[in-house]
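Step one of this worksheet: look at the structure below.
Throughout, read-outs are computed from the coordinates displayed, never taken from laboratory work. All of these numbers come straight from a predicted model, not from anything done at the bench. When we count neighbours, we look across all protein chains shown, and the Cβ atoms used for this are built from the backbone with ideal geometry, even at glycine.
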Amino acid sequence: MARKFLVGGNWKMNGSSQLVSQLVKALNEGSWSSNVECVIAPPAPYLASVRSGVREAVGVAAQNVWVDPKGAFTGEISTEMLKDLNIGWVIIGHSERRSIYGESDELVGKKVAAAVKAGLKVIACCGESESERDADKTTEVVFRQIKAIADQLSPKDWANIVIAYEPVWAIGTGKVATPQQAQEVHKDIRNWLAKNVSSDVADATRILYGGSVSAKSSPDLQKEKDIDGFLVGGASLKDKEFLEILNSRQ
Ligand SMILES: O=C[C@H](O)COP(=O)(O)O
């Protein structure tokens, strides 16, 4: 099955009104293949203005969401609020959420389930640390993280899930995984889905690579069979480079 290539831009906790306007303008004026879907994830304070400013074809994602629909959860954002603002996507389980804010596999699974139940599309992140890779635990870690998500979902929910494989050692380090390293893990994830969810879900689910993706590395990475797109951090804050990455896929 043909999986539409997806390029996500995770702005993390970066930007200002001025930079947000510049990036939105670039995406409104720029062009890329209709075979490529673009989703940007601005920091929460800019979600509404980005959604109303950027063209409809560009998806907008929150970088996090809470599991309860409303209530006394100071500092949190609900799925209902995202829907109210017409935000269609959310990134869940980013390694920075896991390591800095202590999000467990179980919480990540619950967040993914709450988001999908609310009608949001999810970019669900997984990935091993450097020491886990060195100890040959890459698949053990990634499968454990994905299982915690899969345990909370029914097969039909997977239509709204995109997986982002982001090796922690490659995030923000300039140390991008080689196309072969990324492809190997993507293939393992797809095989895990085939075995544990269904072959249809394995065929249809997009698996993005994230970790120091740049205009230089994207052309070779996108050639790999099981790489269905990117989740770009630092380079998504550079308008020209992000457009180049979008255009690395024709
Ligand atoms: O969500 C994006 C990833 O954390 C990658 O970030 P990076 O491209 O700055 O390495």
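Here are a few things to note about the model shown:
- Which of VAL168, VAL58, LEU208, positive extreme of dipole for region 5-246 (C-beta unit charges): VAL58
- Relative contact order of the chain, defined on C-alpha pairs under 8 angstrom at six or more residues apart (%): 23 percent
- Surface/4 estimate of mean projected area, convex hull on alpha-carbon atoms of region 3-54, nm²: 3.7 nm²
- Computed E for SER33/LYS147 - FRET, C-beta separation, R0 30 angstrom, nearest 0.05: 0.30
- Extent of region 1-142 along its three principal axes (Cα atoms, max minus min coordinate, largest first): 46, 39, 33 Å.
- Spin-label pair LYS175-ALA48: with each label point 7 Å from Cα along the Cα-Cβ axis, the two points sit 4.2 nm from one another.
- Charge dipole of the chain (Cα centre as origin; +1 on each Lys and Arg Cβ, -1 on each Asp and Glu Cβ, all else neutral): 480 debye, rounded to the nearest 20.
- Kirkwood radius and radius of gyration were both taken over the C-alpha atoms of the chain, and their ratio Rg/Rh is 0.93.
- Placing a pseudo-label 7 Å from each Cα along the Cα-to-Cβ vector at ASN191 and ILE100 gives an inter-label distance of 3.5 nm.
- In this calculation the C-beta distance from LYS216 to ALA72 is compared with R0 = 41 Å, giving a FRET efficiency of 0.30.
- Per-residue ellipticity at 222 nm, computed for the chain from helices alone with -39500 (n - 2.57) per DSSP H run of at least four residues, works out to -11000 deg cm²/dmol.
- Residue-span extension gain [LEU19 to SER199] - 0.36 nm each, minus C-alpha spacing: 60.6 nm
- Region 170-248 shape via C-alpha gyration tensor axes, a/c threshold 1.5: prolate
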